[in-house]
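The values are calculated or read from the model by the stated rules, or taken from the named source; none is laboratory data. In this text the structure is predicted, and so the values were computed from the model without any measurement. When we count neighbours, we look across all protein chains shown, and the Cβ atoms used for this are built from the backbone with ideal geometry, even at glycine. The protein model used for the area step is the full one, side chains on, heavy atoms only, and it has no ligands, DNA or RNA in it. Shrake-Rupley method; radii C 1.70, N 1.55, O 1.52, S 1.80 Å.
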Amino acid sequence: MSFKLNKNLARWVAAGFFATAGQMAFAASTETPADTDITNTATVSYSVSGVAQPDETGTRVFKVDNKVDLTVTGGTTNVVANATDQVITFTVTNTGNETQGYALDIEANGGDDFDANNVRIYVEDGTTPGFQIGEDTLYTAGSGVNIGDLDPFSGTGGDAINVYVVSDIPTSGGGTAPTDGQTAEYNLLATTLVAGSTTVQGQTAGADTFNAVDVVFADETGGSAGPHSSDAVEDGQASATGTYLVASAQLSVTKTSAVISDPVNGATNPKAIPGATVRYTITVSNAGGASASATGVTLVDSIPTNTTYTANTITLDAAAQTDIDDSGVPVDNSDFNVTNAGAVTVVIGTVAAGASNVVTFDVTID
Amino acid sequence: MLKLLKNSLLALVVIASPVWAGSLTLSNIAEIEVTEVNDQGEEIVKRVPADLVVPGTEVIYTITANNEGDMEAANVVIANPVPEHTVYIGGSASSSAMGKSTRIVFSVDGGSTFDVPENLEIMDEDGTVRLASAEEYTHVQWAFDFAIPPGAKVDVSFRVLLK
């Protein structure tokens, strides 16, 4: 192998470098824009009777047509019953080679467990990324209105837009109250429009028009159509399912007591006589099958009548706690008779699914 | 007077000979393949003119050199830059050259130098030298080791992918 170093190498290397830098800076489509002329020129050199003849060239030009292609993606949002304005984020992306507009529609997916209430669509208005109810644009599903043109070559995120499906989750206590692990699913459909209009983009029927920009639907080619009932392959439409997943904690609390000493027997076979010390053990558990952590868990336990709390006996997961209210001090957020009169208060915090926390304290029998 | 006429006739022959003695013409067509189902239900791949072309389409170029002169054309070399917005598809360059030898070579430096794929190297920005891949080819060239007789023609072909 030999490497020919020549003056063109520097130019070639430099061109390669800038191409790489460009790809890093922009996520824009690298497809050839519609209406581009592709020109091919072949040149032949030859000689006749040892005499070089003038070169001949042959040129062929064709025009790149409009490849209509788009994708829609949807996410899953964990919700709890009775929550309002819960957001599923969808993204509509123009993956074709021409600027297009888009109209939206939505339907409930048949295979889910419950329906959300007050289902609305908002389109990102670009002022502040993410959903803001007072800022993003409310869209009427099925209205045919253009949500705004997307340019696949804009390179600054202009080729995609976030669409938010915003709903209220049914209240617990109603007949449709969702339970843990159940889902409500929605199919968002995007239909390609002619840029700057509400005209649905059509496909060129019949033969190609030579040297004109024809339209080819290339969405979902070679795959399967999206979940929306109106979506088919190569129809200028794409759809995706977004899911509300009911994910809640399943907390349980158990409490046991044991006499650990009495004034007569000491710690050996103690009996519950006046003056005896009784230890309460409270276990807070989040069921292993729960789909969410419990947060902000605080245990409050009143000292039983005819007993007296034994000072400085609160423990959390075997770690001694103080009786004073030192909330804000790291680690120890327990107290007796401060946050709640006559009661033990222990701030446990987060209990993960499948996890338990154990609180103990001692009292003496009056 | 007669001699003068004879001389001018000779001169005419000399001037005219390059024009009609060996004139190669070049045609260039672009096609795409479409799959159709025939009456027997079989899928057949048909070539149609490359009019309906969108990104991702494979385009087949066929260049025909036709000797319309009355003397054979020697040292025939057809060169074709890979069109802008397209990439060359590796292994697609071919020649119909009547069973005779055609040397197909490529360039990765804008047509300054040509070589066979095993010898085409590119230096990356970090200085490492590697074998060029087919999509980095800038030109395709066919060099014929035979002369094209009067009235004969050769086809060469290559495929590109529209970006």
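Here are the numbers for the structure shown:
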| item | result |
| --- | --- |
| Stretch gain in nm, segment B:M71-B:A152, where the contour uses 0.36 nm per residue and the Cα spacing is subtracted | 28.1 nm |
| Max mean-square fluctuation residue, GNM over chain B, Cα-Cα springs under 10 Å, options B:G111, B:G90, B:G41 | B:G41 |
| DSSP beta bridges in the stretch B:22-162 [antiparallel fraction, %, rounded to 5] | 100 percent |
| With Cα atoms, 0 to 90° folded angle of helix B:2-21 axis to chain B main axis | 10 degrees |
| Part-to-part distance (alpha-carbon centres) for the stretch B:122-145 and the stretch A:245-317, which is given in Å | 77 Å |
| A:S197 - accessible surface, heavy atoms, 1.4 Å probe, Å² rounded to 10 | 30 Å² |
| Separation of the A:A272 and A:L251 label points, Cα + 7 Å toward Cβ, nm | 2.7 nm |
| Cβ-derived FRET efficiency at R0 56 Å, A:T140 paired with A:T364, nearest 0.05 | 0.20 |
| Cβ neighbours within 10 Å from other chains - mean over B:76-84 | 6 |
| GNM top mover of A:A205, A:A141, A:A290 - chain A, alpha-carbon springs below 10 Å | A:A205 |
| Using a Förster distance of 22 Å, the FRET efficiency for A:S293-A:T128 (Cβ separation, nearest 0.05) | 0.20 |
| Excluding exposed DSSP-loop chymotrypsin sites (Phe, Trp or Tyr not before Pro) (at most 13 other C-beta within 10 Å), longest clean stretch of chain A | A:4-209 |
| Using a Förster distance of 35 Å, the FRET efficiency for A:N118-A:T198 (Cβ separation, nearest 0.05) | 0.85 |
| Violating pairs (Cα-Cα greater than 26 angstrom) within the set A:K67/B:K153; B:K100/B:K163; B:K46/B:K163 | A:K67/B:K153; B:K100/B:K163 |
| The protein assembly as shown - convex hull of alpha carbons, volume per residue in Å³ | 305 Å³ |
| A:A108 paired with B:M123, simple spin-label distance in nm, labels 7 Å along Cα-to-beta-carbon | 6.8 nm |
| Counting DSSP beta bridges with both ends in chain A, the antiparallel % (nearest 5) | 95 percent |
| Per-residue average of Cβ from other chains inside 10 Å of B:29-40 | 1 |
| Cα centroid separation - the stretch B:45-74 against the stretch A:87-164, whole Å | 45 Å |
| Residue-averaged beta-carbon neighbours from other chains (10 angstrom radius) around B:42-54 | 5 |
| Interface area, B with A, accessible, probe 1.4 Å, both sides summed, Å² nearest 100 | 3900 Å² |
| Accessible surface of A:T77 - all protein chains present, 1.4 Å probe, nearest 10 Å² | 30 Å² |
| Base-10 log of normalised Debye intensity for the stretch B:103-163 (one unit scatterer per alpha-carbon) at q = 0.22, 0.25 Å⁻¹ | -0.95, -1.10 |
| Value of relative contact order over chain A, rounded to a whole percent, pairs C-alpha under 8 Å and six or more apart | 15 percent |
| Accessible surface ranking that places the most exposed of B:T25, A:T268 first, with a 1.4 angstrom probe | A:T268, B:T25 |
| Value of D in µm² per second that Stokes-Einstein yields for the stretch B:22-162, Kirkwood Rh from Cα pairs, at 25 °C (0.890 mPa s) | 146 µm²/s |
| Chain A: angle of helix A:7-25 to the longest principal axis, Cα-based, in degrees nearest 10 | 40 degrees |
| Whether the stretch B:71-133 is rounded, prolate or oblate, judged on the alpha carbon gyration tensor where a/c under 1.5 counts as rounded | prolate |
| Unit charges on C-beta of K, R, D, E only; dipole of the protein assembly as shown, Debye | 1620 debye |
| Rounded to whole Å, sorted largest first: equivalent-ellipsoid semi-axes of the stretch A:248-366, Cα gyration tensor | 28, 17, 11 |
| Chain B, relative contact order in percent, only Cα pairs under 8 angstrom and at least six apart counted | 31 percent |
| Residue of B:P55, B:P150, B:P81 that the Gaussian network model of chain B assigns the largest fluctuation, springs spanning Cα pairs under 10 Å | B:P55 |
